[in-house]
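The values are calculated or read from the model by the stated rules, or taken from the named source; none is laboratory data. Since this is a predicted model, take the numbers as computed values, not measurements. Counting neighbours? That spans all protein chains shown, and the Cβs are built from the backbone with ideal geometry, glycine included.
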Amino acid sequence: MNSYSIKTGPFLTCITTSIPSVIDSLSLLYPGMVTEYQEIFYDFHIKLSTPHALRRWIRPQVIFFFDGKLPFKPLPLTQAYPMFEWGLNWCISQHAHQYLIIHAAVVANYDKALLLPGQPGAGKSTLCAALVHRGWRLLSDELTLVSLSSGLITPLARPVCLKNESIDVIRQFAPDAVFGSIVHDTVKGSVTHVKAPDESIERVDQSALPTWIVFPSYQIDSDCVISDRKKGQTFMDLAKLSFNYNLLAFDGFNALNRLVVGCRCFDLRYSQLDEIIPALDCLVAK
Amino acid sequence: MVLTKNRVAQVLKNPYLIQSFSLQDWDLLIRQARQTALLVRIYRLLQEHDLCDTVPCRVMNHFVAADAYAKKLNASLDWDFRSIAKALAELSIPVVFLKGAAYRLASNRTALGRLFSDIDILVPFRELSAVENALKKHSWVVTHQNEYDQRYYREWMHELPPMIHLKRQTTLDVHHNILPKTCSKCPEPSRLFSNLVKVDQTSFWILSPEDRVLHSATHLFHESEFKYGLRDISDIDLLLSEFTDTDKFWTKLLRRADELNQQIPLFYALRYASKILDTPVPDHIWILLDKNIPWRIKSGMMDFLFIRALMPDHLSCDDRWTSLVRWLLFVRSHWLKMPLKLLLPHLIKKSYQRFKNRQAK
């Protein structure tokens, strides 16, 4: 088994594995971020391995270890790479309480950040993948890290996770996007990961000022409609979508308050990605 | 020697050690400390010794994050204190807080960076159902609903089945003694109640300093899992170093150990606190205590077991004996809890239940 070092924004992760699909996906989706293991300080130690004996042959599985412990049940071996991505999300959301962590996609335009929060199915990842292939910089598709001290958003520039229909939608919308392999029958259906654009990876150490909060909601055949959103409601919704708002108590309240006060807040209803890009460009220009 | 791998113990003993830490040393310290719930205690020690400037920024993030979590648990504990006080106010009985909550109420040094997960209280046995009913009226509900588990707790154990606060999910253990009724070394509960200390400006009580040490020792050395064993040894170390200079503390401690039947756990606690964390124990105490301890307790075998089990539960601390040791101590804890004629049927019943549950899934 080999160990690798992966740098994603502020986090250095050590991953130990011999599973080919994981190693291949890492080198495809984290270009320049994967290096040999070094004797340094790691934020997280992850191991992905296959169980011994029979399980290797009959319905083979993958086990996720966080520093020797098992936070999850094993998954079928075909899901090894998605398990790494979800596991790393878990590591960050459970431990990185130096940030207010919000379950939202976040992209940036000239270091001004646009948050796309939303319940699963609202289309935030799809929208995020579309935007970053039309000039926006990818900060994160899943975890918005708001610094408690500066209020700025720290990028991760990790691959964007796409599910089911949105995989084909993005394939057509952005033919030059780099896709990992598609994994079927996961709890979220069919999933794949799309590499972050090179420019987003190069500028991963540049944090961004939260400027707009847009709650997307995908509705079949809908026109693209952007409407103002109340700040109070936005505050409450983001608190619910946060992983550690409660845990951070006053610090969490202050960070979220600063975020919402400093941003313009909108609802966005859409069905066609092509219509959104000019609409958001228009919003940014205002 | 096994102990040299224990980075956490080394730093607890001498925080200045971190001044010569490499990044890899930090890596191991944070990982071991996280698994044994001592991240925040180490952070507090570094703060006390003005050593935080030496901590690399990325390492510091982990201390700060763990500290946020600890602060949250602390605030929760205050809320639970109020909730329990309110629920039990009408009963006018002594409500005695044990372990973590007691350290906090007494402002013991042991509260330093300690994480409080569940709450333990002690009430007189005859008041048990009144207490249970009062708590139920205030949103605390009983877990372990199946009939056998209910009987197991109520007939044999020293506590009710754990209660959970409906909204907040805090766990509350309501004890009437510090060891199961079926345990041969179970103390007479009235002796615990005759030696209580009132907490200023509250309606709460806690055990006397000596009894607090003894309870901590008894709890640890009857434990079936030693996941936080090193944390518990550190608790005992901090309690002892806080009380050592109070008048006649050590004499009282030995006398209480005798009255409560807890000489063996006390012996273990002192032995391993001094072996692992260099806790100072006066020579004459060793001599007095030693007389009452059977040879098998003092044997190298127990050292072999406990030194391993009290290491952080982390890959870097395991050797080829670790899993066997943890299993043996698991068996030992059940052996101590109840006589074989109760234990065997219990284990068979529990295995059957587990089997049935798995089938149902």
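List of remarks:
- In the set (1) part of a strand (DSSP E or B); (2) modelled with pLDDT of 95 or more, A:VAL62 fails one condition alone, (2).
- Set side by side, the residues A:ILE226, A:ILE220, A:ILE170 differ, and just one is assigned to a strand (DSSP E or B), away from chain B (no Cβ under 14 Å) and touching a residue at least 24 places away in the same chain (Cβ under 8 Å), which is A:ILE226.
- Within region B:335-344, tally of residues that are crowded, with 16+ Cβ neighbours inside 10 Å and modelled with pLDDT of 80 or more: 1
- In the set (1) in a helix (DSSP H, G or I); (2) of a type outside the set (Ser, Thr, Tyr); (3) surrounded by fewer than 16 Cβ atoms within 10 Å (Cβ to Cβ); (4) modelled with pLDDT of 80 or more, the condition left unmet by B:LEU347 is number (4).
- Given (1) crowded, with 16+ Cβ neighbours inside 10 Å; (2) touching a Lys or Arg at 6+ places or on another chain (Cβ under 8 Å), index of the condition B:LEU230 fails: (2)
- In the set (1) more than 10 Å from chain A (Cβ to nearest Cβ); (2) of a type outside the set (Val, Ile, Thr); (3) in a helix (DSSP H, G or I), B:SER117 fails one condition alone, (3).
- Candidate set from region B:317-327 (those that are part of a helix (DSSP H, G or I) and surrounded by 17 or more Cβ atoms within 10 Å (Cβ to Cβ)); member that is farthest from the other protein chains (Cβ to nearest Cβ): B:VAL325
- Filtering region A:230-286 to residues that are in a helix (DSSP H, G or I), among the charged types (D, E, K, R) and away from chain B (no Cβ under 14 Å) leaves A:LYS231, A:ASP237, A:LYS240, A:ARG258, A:ASP274, A:GLU275, A:ASP281.
- Listed by position, the helices (runs of 4 or more DSSP H) inside region B:2-101 whose residues that are within 9 Å of another protein chain (Cβ to nearest Cβ) and out of contact with any His (no Cβ under 9 Å at 6 or more places or on another chain) number at least 1 are B:23-35, B:57-88.
- Residue within region A:35-46 that is modelled with pLDDT under 95, among the aliphatic types (A, V, I, L, M), in contact with a helix residue (DSSP H, G or I) (Cβ under 7 Å, 6 or more places away or on another chain) and not in a strand (DSSP E or B) present: yes
- On inspection, B:HIS314 passes the criterion of being within 14 Å of chain A (Cβ to nearest Cβ) and of a type outside the set (A, V, I, L, M).
- Of the numbered criteria (1) in contact with a Leu (Cβ under 6 Å, 6 or more places away or on another chain); (2) free of Cβ contacts under 8 Å to residues at least 12 places away in the same chain, the one B:GLY229 fails is (2).
- Flag if A:ALA129 is more than 19 Å from A:CYS265 (Cα to Cα), small (Gly, Ala, Ser) and either within 14 Å of chain B (Cβ to nearest Cβ) or touching a residue at least 60 places away in the same chain (Cβ under 8 Å) (or both): yes
- Residues located in region B:144-175, provided they are part of a loop (DSSP other than H, G, I, E, B), modelled with pLDDT under 85 and surrounded by fewer than 19 Cβ atoms within 10 Å (Cβ to Cβ): B:HIS144, B:GLN145, B:ASN146
- The residues on offer are B:ASP245, B:ASP237, B:ASP313, B:ASP211, and the sole one that is surrounded by fewer than 18 Cβ atoms within 10 Å (Cβ to Cβ) and either part of a helix (DSSP H, G or I) or among the acidic types (Asp, Glu) (or both) is B:ASP245.
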